[in-house]
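The values are calculated or read from the model by the stated rules, or taken from the named source; none is laboratory data. All values reported here derive from a predicted model rather than from experimental measurement. So basically every Cβ, Gly included, is an ideal-geometry build from the backbone, and we count neighbours across all protein chains shown.
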Amino acid sequence: MRPSLVVETRPTITQFFLAEQRKVPGATGEFTAVINHIRLACKRIGNAVGQGALAGSLGSAGTDNVQGEKQMRLDVLADEIFVATNEWGGHLAGLVSEERDEPYIIPDAYPRGRYLLVYDPLDGSSNIDVNVSVGSIFSVLRCPEGVSEPTAADFLQPGTKQVAAGYAIYGPTTMLVITLGHGTHGFTLDRAMGEFILTHPDMRIPEATREFAINTSNARFWEAPVRRYVDECVQGKSGPRGNDFNMRWIASLVAEVHRILVRGGLFMYPRDTKDPAKPGRLRLLYEANPMAMVIEQAGGLASTGRGRILEVDPTGLHQRVPVILGSREEVERIERYHRDHDAGIEPPRAPPLFQERSLFTTRS
């Protein structure tokens, strides 16, 4: 008798979520359908990003979004793809996008469901024309009971209320990284199959790191705790940390977070004084909260510097917050520096020998 051949295969994203669904007694499949529609939207956006100039989709759209930021053609296209892919399925009651002033309510022609979707359709779009990795960020919330036409207030839920969060990254490979609240998992798009395959189960962030990412062009606007942290890293082995650090900056939140998930690190877009009307750069609902959930479920921390991002009570759809996330030990250190500063505790002075040899010391 010919022996049977057993082919070991990795689960597809559909198989993965069906297996998760079966763990929940009484599950209807509605939530799984929400995730499947998000997956399809990300595949479509990834295809549009991959075509680039071939499809005439590069360059400015000639418009500004609600944030006052210049929209790229792919910003607009990606937002339209998210809406068109998700509005008809009968599982959502409404959507909120970075590119729209108000919530998008599901049209009367379609049934409405129990979930809300908030998303940044194309994060890092300033990198599109130079062919650097960009991505999409998303968060799924429950629609309040009895609400069929959600208002802005219905979306203003803290990050602890998220039932799923994640991002797609459109780089050398297209990946979808997602958490349902019990671990963070990465799926790689097999272009031959046209399906996402589980390639990075249970992603974990190292607790310690010697790599950080921050936009140093804003250094003159930083608060003292952030300046202290970065100065110590820059001083390397001769400074108080006793180790050399590497600095990275891609200007794409998705790419920064993905690097941290794969090899550890720290990302900072902290509060600064550049624009006193903005307490931070990144938006709470569809950037900070989903990324904070992804990071925490992988063993990292996500903080404003003065508290857990996921516990911030939203006050507006496009509210901005400071974001410090990544390896646990470094986030805890920066939080400690903020507490010391707020309590009026001065950092220890460097010894005279260090001051004499520092590259930053000048002599008269």
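Here are the numbers for the structure shown:
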{"quantity": "MET193 surrounded by 15 or more Cβ atoms within 10 Å (Cβ to Cβ) and assigned to a loop (DSSP other than H, G, I, E, B)", "calculated": "no"}
{"quantity": "Positions within the range 236-279 being assigned to a loop (DSSP other than H, G, I, E, B), within 16 Å of ILE334 (Cα to Cα) and without any contact (Cβ under 8 Å) to a residue 60 or more places away in the chain, in sequence order", "calculated": "ARG241, PHE245, PRO270, ARG271"}
{"quantity": "Among residues of the range 22-40, those that are under 20 Å from THR199 (Cα atoms) and either touching a Gly at 6+ places or on another chain (Cβ under 6 Å) or in contact (Cβ under 8 Å) with a residue 24 or more places away in the chain (or both), counted", "calculated": "4"}
{"quantity": "Subset tally (residues that are in contact (Cβ under 8 Å) with a residue 40 or more places away in the chain, surrounded by fewer than 17 Cβ atoms within 10 Å (Cβ to Cβ) and part of a loop (DSSP other than H, G, I, E, B)) for the range 135-157", "calculated": "4"}
{"quantity": "Hits in the range 112-127 (condition: surrounded by fewer than 24 Cβ atoms within 10 Å (Cβ to Cβ) and touching a residue at least 60 places away in the same chain (Cβ under 8 Å))", "calculated": "GLY113, ARG114, TYR115, GLY124, SER126, ASN127"}
{"quantity": "Residue under evaluation GLU256, criteria (1) under 24 Å from the mean Cα position of the chain (by Cα); (2) on the phi > 0 side of the Ramachandran plot, criterion not met", "calculated": "(2)"}
{"quantity": "Close pairs (9 angstrom Cβ cut-off, 6 or more residues apart or separate chains): aromatic (Phe, Trp, Tyr) in the range 200-214, assigned to a loop (DSSP other than H, G, I, E, B) anywhere", "calculated": "PHE212/PHE245; PHE212/GLY265"}
{"quantity": "Residue count for the range 231-250, restricted to those that are within 25 Å of ASN289 (Cβ to Cβ) and out of contact with any helix residue (DSSP H, G or I) (no Cβ under 6 Å at 6 or more places or on another chain)", "calculated": "2"}
{"quantity": "Unmet criterion (only one of (1) in contact (Cβ under 8 Å) with a residue 24 or more places away in the chain; (2) hydrophobic (A, V, I, L, M, F, W, C); (3) buried (at least 17 other Cβ atoms within 10 Å of the Cβ)) for CYS233", "calculated": "(1)"}
{"quantity": "Filtered residues of the range 199-217 (kept if in contact with a helix residue (DSSP H, G or I) (Cβ under 6 Å, 6 or more places away or on another chain) and surrounded by fewer than 16 Cβ atoms within 10 Å (Cβ to Cβ))", "calculated": "GLU207, ALA208"}
{"quantity": "Qualifying residues in the range 302-317 (those that are part of a loop (DSSP other than H, G, I, E, B) and among the small types (Gly, Ala, Ser)) - the one nearest to PRO150 (Cα to Cα)", "calculated": "GLY316"}
{"quantity": "Looking only at the range 85-111, and only at residues there that are within 14 Å of ILE45 (Cβ to Cβ) and touching a residue at least 40 places away in the same chain (Cβ under 8 Å), the one that is surrounded by the fewest Cβ atoms within 10 Å (Cβ to Cβ)", "calculated": "THR85"}
{"quantity": "Hits in the range 286-300 - residues which are surrounded by 24 or more Cβ atoms within 10 Å (Cβ to Cβ) and not aliphatic (A, V, I, L, M)", "calculated": "TYR286, GLU287, ASN289, PRO290, GLY300"}
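Every residue, every condition in (1) surrounded by fewer than 16 Cβ atoms within 10 Å (Cβ to Cβ); (2) in the same structural domain as GLY113 (by TED's automatic domain parsing); (3) modelled with pLDDT under 75, yes or no:
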{"position": "ALA27", "(1), (2), (3)": "yes, yes, no"}
{"position": "ALA33", "(1), (2), (3)": "no, yes, no"}
{"position": "ILE38", "(1), (2), (3)": "no, yes, no"}
{"position": "ILE45", "(1), (2), (3)": "no, yes, no"}
{"position": "ALA53", "(1), (2), (3)": "yes, yes, no"}
{"position": "GLY56", "(1), (2), (3)": "yes, yes, yes"}
{"position": "GLY62", "(1), (2), (3)": "yes, yes, yes"}
{"position": "VAL66", "(1), (2), (3)": "yes, yes, yes"}
{"position": "LYS70", "(1), (2), (3)": "yes, yes, yes"}
